[in-house]
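Following: one structure in C-alpha cells, then a few remarks.
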Amino acid sequence: MTGHFLRKANKKQKRAVVAVQVAVFSVVLVGMAALTIDVGAMYNAKADLQRTADAAALAAAAQLSEYTDGPPIDSATEVALQYVQNNPVLGQTVTLNVETDIVFGRADFIEGEYTFTPDSVMPDAVRVRVRKTIDSPNDSLSLYFGKVFGITNTELWAESVAVMMPRDIAVVADLSGSHNDDSELRQYKSTEVNVHEVWGAFPGGVGDIDSSWGPEEDLPADWIEEDGSIPQAAGPAWGYMRELGYGTLDWEPGGLHDPDYDPTADDGLIRLPYNQDWSDAELEAHLSDQGYSANEIDAIMSDSYDSDGAYQYRVAVALGLAFWNSGKSGGLWESRGVDPSDTGNGNSWIGSSELDWIEPVFSKSISTSKSIWLDYINNYVKSSSTTMYQANHSFRYRFGVKTFTNYLMDRRPSHSQTPELAESHTQPMQAVKDAVEFMVGFVDELDTDDQLSLEIYGRTAHHEVDLTQNYAEVSNRLNEMQAGHYDTWTNVGGGLERAIEELESDRARALSRKMIILLTDGVANTDEHGNWDEDGAVDYALAQAQIAADNGVRIFAVSVGVTADQSLMQQIAELGHGEHFHAEGSIAQYSAELADIFQRLGSRRPVELIR
C-alpha cells in the first residue's frame with residue numbers, strides 16, 4: 001500500500017512541475033513572439049525609411065541643376081516630398097518637415113571621404129531624413145506586443161545624402177565645311193541666309209556714306225551713326241563691288257529669305273557674261289569716271305578676245321580690281337603716269353602683263369589676291385557646277401559682294417585661306433558657338449567641379465583644349481575657329497576617338513563621370529584612314545561609340561539641320577547610353593533650340609549617394 005501510494009504521489013508532483021514549466025515557457029514564448037514581431041516590424045520600417053530617404057535624396061539632387069522650371073531648390077524640395085509620399089513605410093504614407101528634414105549643401109571629397117556642409121547658395125548636394133519619431137509629422141512607430149512589457153512605441157529614422165557628381169566632358173564639334181551652308185546662297189529658298197551679317201563682320205567696312213549707297217533714308221536705321229557714318233555693319237568694298245544689293249532679296253536683321261528671289265533684279269550684282277559684248281550704261285559711266293578713254297571702254301565692253309583668254313582680265317578691269325595699262329593714246333595709263341615700257345601695245349586685247357592689280361583681299365598680298373580674284377571669276381561665277389548655280393542658274397556671270405562673300409564661304413572656308421570667317425556669323429557655325437558658350441556659362445554658374453575639353457573634326461580630328469576648369473578656354477577657342485577650319489570633310493569617328501583619348505588621359509579624374517557631347521550638321525564620310533568612304537565612316541563612328549560605352553563614357557549626340565544624319569547620331573547616343581537631340585528650321589529657330597538643348601546638357605548631371 002505504501003509503495004503504491006508513493007508512486008501515485010510522485011506522478012502528481014511531476015504533473016505539477018510540468019504545469020509550472022509550461023506556464024513559465026509559455027510566457028517566454030509569448031515574449032519571444034512579441035519580440036520577433038516587433039523587431040521584424042522595426043527592421044522592415046527601417047528598411048522602408050532608408051529606401052525612401054535614398055530615393056528622395058537622389059531625385060532631389062538631380063533637380064539641383066535644373067533651372068528651366070524656376071529656382072532649383074524649390075523644385076528639388078517638391079520632388080523630395082513627392083518621392084517620400086510615393087514610398088510608404090509599412091504601407092503608410094509618410095512626409096517630411098521641410099524646415100529640418102531637407103537640407104541643401106556642398107559636398108567635398110577630402111582625404112578619401114565625402115563631407116557635407118549645409119549651404120543654400122548654389123548647392124550640389126542634398127540631405128534627406130525620413131523620420132518616424134515623436135516630433136516628426138509621421139509620429140513614432142507603434143509596437144504590437146511590446147505593450148506587454150510596457151513599451152508602446154519606438155523612434156526610427158533614416159538619412160541619405162546625394163551629390164551631383166563632377167563630370168569630365170569632352171565637347172566634340174563638327175568643323176566641316178558644311179557649317180557655312182546656311183549662310184550661303186544655296187539655301188536662300190529654304191532658310192534665312194545671313195550673307196549680309198557675314199559680309200558686315202569682315203574687316204575693312206566701307207565707312208562714310210557716299211553716293212554709291214544712295215539716299216541715307218534708304219539704309220537700315222541701325223547702320224547710321226550720329227555722325228552719319230556706317231560702321232562695321234557695312235562690309236568691305238572691292239573696286240566696283242561696293243554694296244550687298246537688295247532687289248527682291250531684302251535685308252532684315254534675321255537674314256535673307258525669299259523663295260522668289262531673282263538675281264537678275266538684284267542691284268548689288270552686275271552681269272558680265274563670257275563671249276558676249278556688255279551693254280551696261282552704269283558700268284560705262286563708272287569706267288569713264290575712273291579715267292578710261294572711250295577707246296579703252298569700247299575694248300573692255302567687247303568680247304572680241306574672250307576666247308583668247310582676255311575674259312578674266314576684262315572682268316577684273318570692269319570690277320575695278322585692276323587697272324589696265326592699255327598703251328592706247330589718251331588712256332588711263334597716261335594720267336596715272338605709267339611708264340610706256342610697262343604698258344600694252346595699244347591694241348584691244350587685255351592681257352595679264354598689262355594689269356596693275358590694286359584690290360587686296362583683306363590683308364593678303366597683291367599676288368595672292370590676284371590668284372583669288374581670278375579663281376572667283378573663272379572657276380566660280382563663270383562656272384555652271386557650283387552650289388550657287390544649282391540654287392539659281394541666274395547667279396552665273398553675276399559679280400558683286402554677295403557672290404564673292406559666298407565664294408569665300410564655299411571655296412575658301414579654312415582658317416589658312418580666309419581666317420576672317422572666324423569672326424563672321426556663318427551658320428550653323430555661329431549657332432553652335434553660341435550654344436557651347438551658353439552651356440559653358442551655365443556650367444560655370446553651377447560651380448560643380450566639372451572639367452571641359454574641346455575636340456574638333458573635319459576630315460582630320462584635332463584635340464584643341466585639355467580638360468580644364470577654366471571653361472572660357474573652350475568657348476574662346478571655338479569662337480576663334482570656323483567651318484572647315486582645317487579641312488572640310490566629316491570624320492565623326494575621329495572626333496569620338498580624340499574625345500576618348502582625352503577622357504582616358506592623366507587629366508581625367510577617377511571619381512568624375514565621363515561624358516561626350518557630339519555635334520554634327522552633316523553626314524559622316526571619312527573612315528579611320530582619312531579616306532572618303534561613307535560606309536566605312538559609319539562603321540568607324542559606331543566602333544568608337546562602342547569603345548566609349550565600354551569605358552563607361554556616356555554620349556549625348558546633337559544634330560543640326562535637315563541634312564544631318566539623325567539615324568547615325570541616334571545609334572551613337574544609344575550605344576553610349578545617352579540621348580540624341582536635334583534642331584532644325586530657320587536660323588532663328590535652330591539657334592533657340594540649340595540654346596535649350598545645351599542648357600539641358602549642362603544640367604544632365606549624374607547623382608550618387610555618398611551617405
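The values are calculated or read from the model by the stated rules, or taken from the named source; none is laboratory data. The shown structure was predicted, so the numbers you read here are calculated from the model rather than taken from an experiment. With ideal geometry, Cβ positions are generated from the backbone for all residues, glycine too; neighbour counts draw on all protein chains shown. Accessible surface is based on the protein model in full, side chains and every heavy atom, while ligands, DNA and RNA are left aside. Shrake-Rupley method; radii C 1.70, N 1.55, O 1.52, S 1.80 Å.
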Range of Cα positions in the range 462-611 per principal axis (Å), largest first: 49, 37, 30
Positive-pole candidate from Leu575, Gln544, Ala158, dipole of the chain, charges at beta carbon: Ala158
Top positive-direction residue, dipole computed over the range 396-443 with Cβ charges, set Met429, Met439, Thr403: Thr403
Signed unit charges on C-beta, dipole axis of the range 64-167, positive-most listed residue Ser136, Gly112, Met122: Ser136
Cut-off 13 Å between beta-carbons: net charge of the residues surrounding Lys370, Lys and Arg +1, Asp and Glu -1: -2
From phi via Karplus (6.51, -1.76, 1.60), per-residue ³J(HN,Hα) for the range 568-574 in Hz, x at Gly/Pro: 5, 5, 5, 4, 5, 5, 5
Relative compactness, the chain, computed as alpha-carbon Rg over 2.2 N^0.38 Å: 1.54
His529, His582, reordered so the largest accessible area comes first (probe 1.4 Å): His529, His582
Normalised contact order of the chain, rounded percent, pairs of Cα under 8 Å and 6 or more residues apart: 16 percent
Per residue accessible area of the chain, 1.4 Å probe, in Å²: 44 Å²
Electrostatic dipole magnitude of the range 361-478 [Cβ: Lys, Arg +1; Asp, Glu -1; Cα centre; debye, to 20]: 1540 debye
Gyration tensor (alpha-carbon) shape descriptor, the range 430-482, a/c threshold 1.5: oblate
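Computing the accessible area with a 1.4 Å probe over protein heavy atoms, can you report the carbon and sulfur percentage for the range 45-158?
51 percent
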Relative contact order (percent, whole number), the range 515-583, Cα cutoff 8 Å, 6+ residue spacing: 35 percent
Cα gyration tensor, the range 474-536 - rounded (a/c under 1.5), prolate or oblate: oblate
Accessible-area ranking of Glu334, Glu528, largest first, probe 1.4 Å: Glu528, Glu334
Fraction of beta bridges assigned by DSSP in the chain that are antiparallel (%, nearest 5): 60 percent
Accessible surface, 1.4 Å probe, highest first, among residues Ile366, Ile270: Ile366, Ile270
Net dipole in debye of the chain [+1 Lys, Arg Cβ; -1 Asp, Glu Cβ; about Cα centre; nearest 20]: 6020 debye
15 Å beta-carbon shell around His415, net charge (K/R +1, D/E -1): +1
Shape call, the range 426-532: gyration tensor on alpha carbons, a/c limit 1.5: oblate
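Among Lys382/Lys433; Lys132/Lys514; Lys370/Lys433; Lys402/Lys433; Lys189/Lys382, which pairs are too far apart, with a Cα-Cα distance over 28 Å? Each step should come with its number before you reach the end.
On the way: Lys382/Lys433 34 Å; Lys132/Lys514 39 Å; Lys370/Lys433 33 Å; Lys402/Lys433 24 Å; Lys189/Lys382 22 Å.
Violating the 28 Å limit, Cα to Cα: Lys382/Lys433; Lys132/Lys514; Lys370/Lys433.
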Theoretical ellipticity at 222 nm over the chain - DSSP helices of four or more residues, -39500 (n - 2.57) apiece, nearest 500: -11500 deg cm²/dmol
Summed residue charge, Cβ within 12 Å of Gly327's Cβ, Lys/Arg positive, Asp/Glu negative: -4
Mean separation of Cα contacts under 8 Å (6+ apart) over length of the range 467-611, as relative contact order %: 19 percent
Dipole in debye (nearest 20) - the range 457-533, about Cα centre, beta carbon charges: Lys, Arg +1; Asp, Glu -1: 320 debye
